[in-house]
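**Student:** Following this message is one structure expressed as structure tokens.
The values are calculated or read from the model by the stated rules, or taken from the named source; none is laboratory data. Since this is a predicted model, take the numbers as computed values, not measurements. Cβ sites come from the backbone with ideal geometry, for glycine too, and all protein chains shown count toward neighbours. Quick note on the areas: whole protein, heavy atoms, side chains included, nothing else; ligands and nucleic acids left out. Shrake-Rupley method; radii C 1.70, N 1.55, O 1.52, S 1.80 Å.
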Amino acid sequence: KIKWLESRKAQPPNNLPAEGILLGDNEYRGIKTEVRIKSSDRLRHTYIIGKSGVGKSVMQANLINQDIKNGEGVCVIDPHGDLIDSVLEHIPENRFDDVILFDPADHERPLGLNMLEYQSEDQKTFVINEMITIFDKLYDLKATGGPMFEQYMRNAMLLMMEDPESGATLLEVPKVLTDASFRRYKLANCGNSVVKDFWEKEAQKAGGDASLANMTPYITSKLTPFLASDLMRPIIAQQKSSFNFREVMDKKQILLVKLSKGKIGELSSNLLGMVIVGKILMAALSRVDLAEDSRTPFYLYIDEFQNFITESIGIILSEARKYKLSLTFAHQFVAQLVKDNDTTIRDAVFGNIGTLISFRIGPDDAEVIAKQLAPVFNEYDVINIPKYNAYIKLLIDNQNPPAFNLAPYAPVPGDKIKIDKIRELSRAKYGRDRQIVENEIQERIRLASKPLIKPI
């Protein structure tokens, strides 16, 4: 009849912040203490790990709701949709106008997201590198594409981006590869001599049209799942994106990205999520034109973080602090951060995170996480944390005191009527009628199919 202790508890440090958003309570020997984290410490990023159903999403929702009530700029990327709904229920009325709800499953009024859009010349290379990295993540190009895929894809995107007026979206990539007259028109408007030399000289030396015919299926087969989708095409084939990521950050808007896998499919969900992470990083880096004290903090939350891992995540973890971009991300186990024995992202996470929050985890992760929480907690403790409780290694004034236990707050019921109100307002402001979008896409396809001549 012994009541065994599931896991030990620990006293919080004496210098707990008195300001900042609330993470939860620490209860130790009958004394309950509020646990907060300062805005400056959040810029060192927050990492949440734990098994499914232990309270990670509820905790994120509590943090997001506090940020929104405090008037902060927020982006939430949710691959399921439940987290977004719980956030929408709590948005105060004075912030309804700040919300941009990006929901690809809304087929009646799709928001545009041109993946190849850029604001300045120095962003062009970033956009192209990001797209190639994303397709590598989706399709493992080393096995299914190789360097030839990258060479043709890169030059096709560069050629389109030299003349955005005649189309520069993923929709035009197959046209550049298969339509000689469209390609000639693009080349006539291309001022990049390296790109022109590739298409006019290198592609010809490699076998001309026969080489293109052989290479085209490798590229189009990876684009077709998105371009042929009635949900995805109206989003990614719009020439102009419905919102500007830099403005979202600078104006402290609320970008809610609802990537429900069950509605749009896992491949589309992952593609859009990785693109949006890259766009946010690009917007943050563009803040170099602002004085550091003029950069407003922006808080990026990513649930099921492993779905959206690219090199951008590593850059955000190591460099984005200077541009006031704070990342809070959650997932289930450490092995999700390693692909093909590449530990780059895992190393970036544990090398750069400021605050670690661990809910109950599995035995395989116990050694890794226990090392982060040592000497206060051991492997037995992290495996046996009670449900809806966690351990935290909190960053305080850029220093990590010993870890202690944390009880995040339970979910609070919201106003479900708000969800429809905000959705309709966002659709009206940022969405476009599907039929108009489809007509524009068909018109661009029709014009691209005609022999195009450079105007004199």
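**Student:** Residues in segment 146-186, backbone N under 17 Å from the label point at Thr224 (7 Å along the Cα-to-beta-carbon vector): list them, ranges by number please.
**Tutor:** In segment 146-186, the label zone of Thr224 (backbone N under 17 Å from the point 7 Å along Cα→Cβ) covers 171-179.
**Student:** Given that compact globular proteins tend to follow 2.2 N^0.38 Å, what is the ratio of the alpha-carbon Rg of segment 213-368 to that value?
**Tutor:** Against the empirical 2.2 N^0.38 Å value, I get 1.18 for segment 213-368.
**Student:** Still on this structure, I have one more. Give the accessible surface of the chain per residue, rounded to a whole number of Å², with probe radius 1.4 Å and ligands, DNA and RNA excluded.
**Tutor:** Each residue of the chain exposes 44 Å² on average to a 1.4 Å probe.
**Student:** Here's another thing I want to ask about it. State which entries of Lys124/Lys222; Lys252/Lys429; Lys38/Lys251; Lys322/Lys387 exceed 27 angstrom in Cα-Cα distance in the structure shown.
**Tutor:** In this structure, Lys322/Lys387 exceed 27 Å between Cα atoms.
**Student:** A follow-up question, please. Relative contact order of the chain, please, whole-number percent, based on alpha carbon pairs below 8 angstrom and at least 6 residues apart.
**Tutor:** Reported relative contact order: 30 percent.
**Student:** Excluding Ser260 itself, calculate the net charge of residues whose Cβ lies under 14 Å from the Cβ of Ser260, where each Lys or Arg counts +1 and each Asp or Glu counts -1.
**Tutor:** Counting the neighbours of Ser260, the net charge comes to -4.
**Student:** Right, next: What residues qualify as long-range amide H neighbours of Gln238, i.e. H under 5 Å apart, gap of 5 or more or another chain, H built at 1.01 Å from N?
**Tutor:** Those lying under 5 Å, H to H, from Gln238 are Leu113.
**Student:** Evaluate E = 1/(1 + (r/R0)^6) for Lys32 and Arg95, where r is the Cβ-Cβ distance and R0 equals 30 Å; express this FRET efficiency to the nearest 0.05.
**Tutor:** 0.45
**Student:** Compute the length gained on full extension between Val58 and Asp420: take 0.36 nm times their separation in residues and subtract their Cα-Cα distance, giving the result in nm to one decimal.
**Tutor:** Stretched fully, the Val58-Asp420 segment lengthens by 128.2 nm.
**Student:** How big is segment 55-139 by Rg and Dmax over its Cα atoms, in Å?
**Tutor:** Answer for segment 55-139, Rg first and Dmax second: 16.3, 43 Å.
**Student:** Another question, if that's okay. Quick check on segment 307-404: what does the Kirkwood estimate of hydrodynamic radius come out to from the alpha carbon pairs, in Å?
**Tutor:** That comes to 14.4 Å for segment 307-404.
**Student:** Carbon and sulfur together cover what percent of the accessible area of segment 1-154 at a 1.4 Å probe radius?
**Tutor:** Here it works out to 47 percent.
**Student:** Turning to a different aspect of this structure: Using alpha carbons only, how many degrees (0 to 90, rounded to 10) separate the axis of helix 121-139 from the longest principal axis of the chain?
**Tutor:** For 121-139 against the chain, the angle is about 80 degrees.
**Student:** At 1.4 Å probe size, put His90, His331, His80 in order of accessible surface, largest to smallest.
**Tutor:** The ranking, largest first, comes out as His80, His90, His331.
**Student:** Lys9: which aspartates and glutamates have alpha carbons under 17 Å from its alpha carbon, excluding same-chain residues fewer than 8 sequence positions away?
**Tutor:** Asp25, Glu27, Glu34, Glu379, Asp381
**Student:** Could you please report the charge total around His90, scoring K, R as +1 and D, E as -1 over all other residues with beta-carbon less than 12 angstrom from its beta-carbon?
**Tutor:** -1
**Student:** What is the spread of the Cα atoms of segment 147-292 along each of their three principal axes, largest first, in whole Å?
**Tutor:** Largest first, segment 147-292 extends 51, 42, 27 Å along its Cα principal axes.
**Student:** So for the pair Tyr409, Thr344, with labels modelled 7 Å out along Cα→Cβ, what separation do we get in nm?
**Tutor:** About 4.0 nm, to one decimal.
**Student:** Please work out the ratio of the alpha-carbon Rg of segment 92-137 to 2.2 N^0.38 Å and round it to two decimals.
**Tutor:** Computed over Cα atoms of segment 92-137, the ratio equals 1.62.
**Student:** Rg to Rh for the chain: what is it, with Cα atoms only and Rh by Kirkwood?
**Tutor:** 1.02
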